[in-house]
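The structure appears right after this line, and notes come after that.
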Amino acid sequence: MSQTLTTRQAEELHKSLIAYLSSINATRSVATIREELPIGDGFDDTACKKYEGLLEKKWTSVARLQRKIMDLESKVSTLQAELDSMALTSRSRPNQDPTSWLPSSPARHKFQSHRDAVTCVAFHPVYTSLASGSEDCTIKIWDWELGELERTLKGHMRAVSGLDYGGQKGHTLLASCSSDLTVKLWDPSNDYANIRTLSGHDHSVSAVSFLPNNGNLLVSASRDASIRIWDASTGYCVKTIRSNDNWIRDVSPSFDGKWLVSGGRDQAATVWEVATAEAKATLLGHENYLECCVFAPPASYKYLATLAGLKKPPPATSSAEFVATGARDKTIRLWDSRGRLIKTLVGHDNWVRGLVFHPGGKYLVSVADDKTIRCWDLSQEAKLVKTISDAHGHFVSCIRWAPDVVTDDAATEETTEAGPGAQRQEANKKIRCILATGSADSCVRVFS
């Protein structure tokens, strides 16, 4: 008797064997089993019919369960590898101050799916989603934590040139712009459906950005030498800022949405007041087209004020105090809001294509067509302190820092000019040490 089966189970197995062999006319095998096993005379043809098909059902059930177990084991192995990877990341330098973190090689993830150069990237403000736009006319949504492609958005007819997440609180939208003269709005909460297309520019749209503190408004810059401000809820253009006759390559808002800085083929950056659409300052000094421009965050004021020779930094509540610009003359320039050049940063060997200030305020990070990422320490007179050579296999075209995580109580803090409220609000923001870059090598890389 088998040590695995009970007496009843063994009898059931024997009867199932006889029923199966009988169904395939293996009469000699049936006779042998009846002779060697204690089946009993009561198991006649009628009783045998009741057991037909039972053995086959049991066998196929076992096979299905084995396949399912193998699939589950494979999934468990994959998930365990992901957990181990995340645990390793979290354990590395656990006590490192996020305000001092800088990207390092190799990248945590390398995303490959675009069929042409990547021109822009943008982080979702809440979820671990990263959008990338490309000259292949598509937008791809990635999970930067898991390293997976989530979906591909198709709608633009020509190269995608700019991306930004924004909108009203609780209803984040993705805005994209393209050489097809349009700005499109996509709804992440509705499978990224294209809910609106904004038309009005007469040439390629170069950049797009939501205005902070006013989720309904977004701004776009174009080769038609204009900047347009749109109402995202209606799709109407509510304001047009006419520049000179030169292509505007980039536009960025201040942290409070009251100011814009733009730059392009006129080799100058211009600071605009959103409310009046008037130019308040022109930053002259570059010797070639501007590729990027950005306002410095309040966290950088104390370092830039020292560079500017100021006795004390401007209040943290004051926006548009300092500007950084990058150009095809291979330089980065730092300015005050009145148009005075503070510092020229020399180090890149090709066009400077993207700039981002470290959320901690101490560093400025740049990318360029020399395939490098460079980090400049503003506390050391903007000294070049780190270079990631061959960050990509081709021109590095864009860079983005993941937005800070804001705790619930941050929204309830009252901020007074340079007062403790502003400091408490900053303390309620948690810096995410995540940086993304895109390149003409068709890849997106995530550093963390």
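Can you name the residue in the stretch 315-327 that is of a type in the set (Gly, Ala, Ser) and part of a strand (DSSP E or B) and is also nearest to SER254 (Cα to Cα) among such residues?
Per the criteria, the residue is ALA324.
When the residues of the stretch 388-403 are narrowed to those that are surrounded by 17 or more Cβ atoms within 10 Å (Cβ to Cβ) and over 19 Å from the mean Cα position of the chain (by Cα), which ends up nearest to PHE111 (Cα to Cα)?
Within the stretch 388-403, the match that is nearest to PHE111 (Cα to Cα) is PHE395.
So for the stretch 267-288 (the condition being at pLDDT 90 or above, closer than 21 Å to ASP336 by Cα, crowded, with 18+ Cβ neighbours inside 10 Å and in contact with a Cys (Cβ under 6 Å, 6 or more places away or on another chain)), does at least one residue qualify?
Yes, the conditions are met somewhere in the stretch 267-288.
Check whether at least one residue in the stretch 182-204 is touching an Asp or Glu at 6+ places or on another chain (Cβ under 8 Å) and buried (at least 22 other Cβ atoms within 10 Å of the Cβ), and report yes or no.
So far as the stretch 182-204 goes, yes, one or more of its residues are touching an Asp or Glu at 6+ places or on another chain (Cβ under 8 Å) and buried (at least 22 other Cβ atoms within 10 Å of the Cβ).
Just give me the residues in the stretch 328-352 being more than 12 Å from VAL294 (Cα to Cα), assigned to a strand (DSSP E or B) and within 26 Å of the chain's Cα centre (by Cα), in sequence order.
VAL352
Any residue in the stretch 5-29 that is farther than 17 Å from TRP59 by Cβ and in the same structural domain as LYS49 (by TED's automatic domain parsing) sitting within a Cβ distance under 6 Å of a residue that is part of a loop (DSSP other than H, G, I, E, B) and among the aromatic types (Phe, Trp, Tyr)? List the pairs, counting only those 6 or more apart or interchain.
none
Does GLU56 satisfy being of a type outside the set (Ser, Thr, Tyr), modelled with pLDDT under 80 and touching a Gly at 6+ places or on another chain (Cβ under 9 Å)? Please lay out each step first, then the result.
Values: of a type outside the set (Ser, Thr, Tyr): yes; modelled with pLDDT under 80: yes; touching a Gly at 6+ places or on another chain (Cβ under 9 Å): no.
Answer is no for this residue.
Looking only at residues that are basic (Lys, Arg) and in a strand (DSSP E or B) in the stretch 353-383, which one is surrounded by the fewest Cβ atoms within 10 Å (Cβ to Cβ)?
LYS383
Read through the list (1) crowded, with 18+ Cβ neighbours inside 10 Å; (2) in contact with a Lys or Arg (Cβ under 8 Å, 6 or more places away or on another chain), then give the number of the only condition that LYS239 fails.
Going through (1) crowded, with 18+ Cβ neighbours inside 10 Å; (2) in contact with a Lys or Arg (Cβ under 8 Å, 6 or more places away or on another chain) one by one, LYS239 breaks only (1).
Is there any pair with a first residue in the stretch 260-277 that is in contact (Cβ under 8 Å) with a residue 60 or more places away in the chain and under 11 Å from GLU291 (Cα atoms) and a second that is β-branched (Val, Ile, Thr) and surrounded by 21 or more Cβ atoms within 10 Å (Cβ to Cβ) whose Cβ atoms are under 6 Å apart and which are 6 or more apart or on different chains, and what are they?
Short answer, once both residue conditions are applied: GLY263/THR325; ALA269/VAL261; ALA269/THR325.
Test of understanding: among GLN80, GLN9, which residue is under 30 Å from GLU145 (Cβ atoms), surrounded by 10 or more Cβ atoms within 10 Å (Cβ to Cβ), of a type in the set (S, T, N, Q) and modelled with pLDDT of 75 or more?
Just a single option satisfies the conditions, and that option is GLN80.
Considering the stretch 323-363 alone, what residues qualify as being touching a helix residue (DSSP H, G or I) at 6+ places or on another chain (Cβ under 6 Å) and touching a residue at least 60 places away in the same chain (Cβ under 8 Å)?
Within the stretch 323-363, the first condition is being touching a helix residue (DSSP H, G or I) at 6+ places or on another chain (Cβ under 6 Å), and the residues that meet it are 342-343, 357, 360-362.
Across the stretch 323-363, the qualifying residues are PHE357, GLY360, GLY361, LYS362.
List pairs: first residue in the stretch 384-401 and assigned to a strand (DSSP E or B), second residue at pLDDT below 90 and among the small types (Gly, Ala, Ser) anywhere in the structure, Cβ distance under 6 angstrom, at least six positions apart or on different chains.
As it stands, the answer is ILE388/SER105, since those pairs meet every condition given.
Could you pull out the residue among ARG151, ARG115 that is touching a residue at least 40 places away in the same chain (Cβ under 8 Å) and more than 13 Å from the chain's Cα centre (by Cα)?
Among ARG151, ARG115, only ARG115 is touching a residue at least 40 places away in the same chain (Cβ under 8 Å) and more than 13 Å from the chain's Cα centre (by Cα).
The values are calculated or read from the model by the stated rules, or taken from the named source; none is laboratory data. Keep in mind it's a predicted model, so treat the numbers as computed, not measured. All Cβ positions, even for glycine, are placed from backbone atoms using ideal geometry, and neighbour counts span all protein chains on display.
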